[in-house]
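First comes the structure, then the notes that go with it.
The values are calculated or read from the model by the stated rules, or taken from the named source; none is laboratory data. Nothing here was measured: the structure is a model prediction, and the numbers come from that model. Ideal geometry is used to build each Cβ from the backbone, glycine not excepted, and the neighbour counts take in all protein chains shown.
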Amino acid sequence: MSDVTQTGSALVVVADVNGKIHVRVFDNTGSILVDASQPKNDHKKSWYVQLANLLTSNWDQSKLKLLEVKEIFRLCEIISRRYLTAAIIEKNKKLWTDDRVRNWMLGLFNNKCWYSEAQDSVSSIHVDHFRPKGCVSDDHTADMSDGYWWLAFNWKKYRIGGQLLNVKKSDVFPFTDLTRATHDDPPSLEKECPVLIDPLVEAEARLISYEWRDEENCVAVRSGDVTPEQALRVDRTIEILGLNRLPRLNEKRAQFWDKCKLAIADYKGANGPSCFAKIEQAKATATLKGMIKYEAEFSSVAEACVWKTAPKPLSSAVFAQ
């Protein structure tokens, strides 16, 4: 069954075929401009769900009220805009999938995933659009809106993320309030309050710490003394990215935590003549300094271990400039 509506310059066809809602838009020559479809019960694509709910059971458009017709056109316009935008983005995706771009960005952070600091525990490394380019969804409310298509080709908005985290993140990008940026007001981007923590903002990244649970689990947790809003952001970031979801990642972090603990034990256990004890302590300090370096894998795990378990003289020496 279908609903056909003629406008001054286009023909819009909405059809229900095999459990999918199809939207086709033809120009005045009969050429197809838009050919979009989605399962009508897929709540992740709420525009299609709303469209299906608006149409009458027998798809008789003569029974639709004027406001319903206007809403159908509004939804079709959104779907069409997203379809055309997605086509442009897909056509030009080599601008960020090119290995030269990926490898250059990887080199900025010593081949680490910017979200997890892992080099190989989160599968292959992808270029991620921190703000989703196609559409934006909230996995808690099922709300969906247009993505940041105007930022799709802005390399400053790219991040490097492991495939397993990037796939989990997908287009989920919630906010702490209702402020949203628009393409015709670039400064509005600075007014947004995303929930997701940006790994390039050091003050935000430090809201996440790590905690050793057992020999196979070192997990991401809140840093100490966070505000309620910051706690929400940390918890949701861990959830959205799946930072504690991957056993291999948790185990790898635990291994680095254990390595830090060994160095701390060496420092605390240094004995014998004072000159030899100082040498052992200096070696342990140097090991830990190397593990917290910006370019080191899981450097934030090492930082957390030192802050939480090392004696004060050692932690002071490790973090001294």
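A few notes on this one:
- Within the range 258-303, tally of residues that are of a type in the set (D, E, K, R) and not in a helix (DSSP H, G or I): 3
- Which listed residue, of THR141, THR179, THR85, is assigned by TED's automatic domain parsing to the domain that holds LEU33, at pLDDT below 90 and of a type outside the set (Asp, Glu): THR85
- Among residues of the range 231-245, those that are touching a residue at least 12 places away in the same chain (Cβ under 8 Å) and more than 17 Å from PRO199 (Cβ to Cβ), counted: 2
- Applying the set (1) within 31 Å of the chain's Cα centre (by Cα); (2) on the phi < 0 side of the Ramachandran plot; (3) buried (at least 18 other Cβ atoms within 10 Å of the Cβ) to TRP307 leaves exactly one unmet item: (3).
- Checked against the criterion of being within 17 Å of the chain's Cα centre (by Cα), part of a helix (DSSP H, G or I) and modelled with pLDDT of 90 or more, the candidates TRP96, TRP114 yield just one match: TRP96.
- If you go through the range 181-230 and pick out every residue that is over 20 Å from TYR158 (Cβ atoms) and either under 17 Å from the mean Cα position of the chain (by Cα) or not small (Gly, Ala, Ser) (or both), you end up with 28.
- Checking each residue of the range 100-110 against the condition of being of a type in the set (Val, Ile, Thr) and either surrounded by fewer than 13 Cβ atoms within 10 Å (Cβ to Cβ) or closer than 30 Å to GLN38 by Cβ (or both) gives no match.
- Just one of (1) assigned by TED's automatic domain parsing to the domain that holds ASN111; (2) surrounded by 20 or more Cβ atoms within 10 Å (Cβ to Cβ) fails for GLU211. It is (2).
- Scanning the range 172-198 for residues that are within 15 Å of GLN230 (Cβ to Cβ) and either hydroxyl-bearing (Ser, Thr, Tyr) or free of Cβ contacts under 8 Å to residues at least 12 places away in the same chain (or both) turns up just one, THR176.
- Helices (runs of 4 or more DSSP H) wholly inside the range 133-250 containing at least 1 residues that are among the small types (Gly, Ala, Ser): 202-205, 228-241
- Unmet criterion (only one of (1) touching a Ser or Thr at 6+ places or on another chain (Cβ under 8 Å); (2) surrounded by 13 or more Cβ atoms within 10 Å (Cβ to Cβ); (3) assigned by TED's automatic domain parsing to the domain that holds PRO132) for GLN230: (1)
- Meets criteria (in a loop (DSSP other than H, G, I, E, B) and at pLDDT below 85) for TRP59: yes
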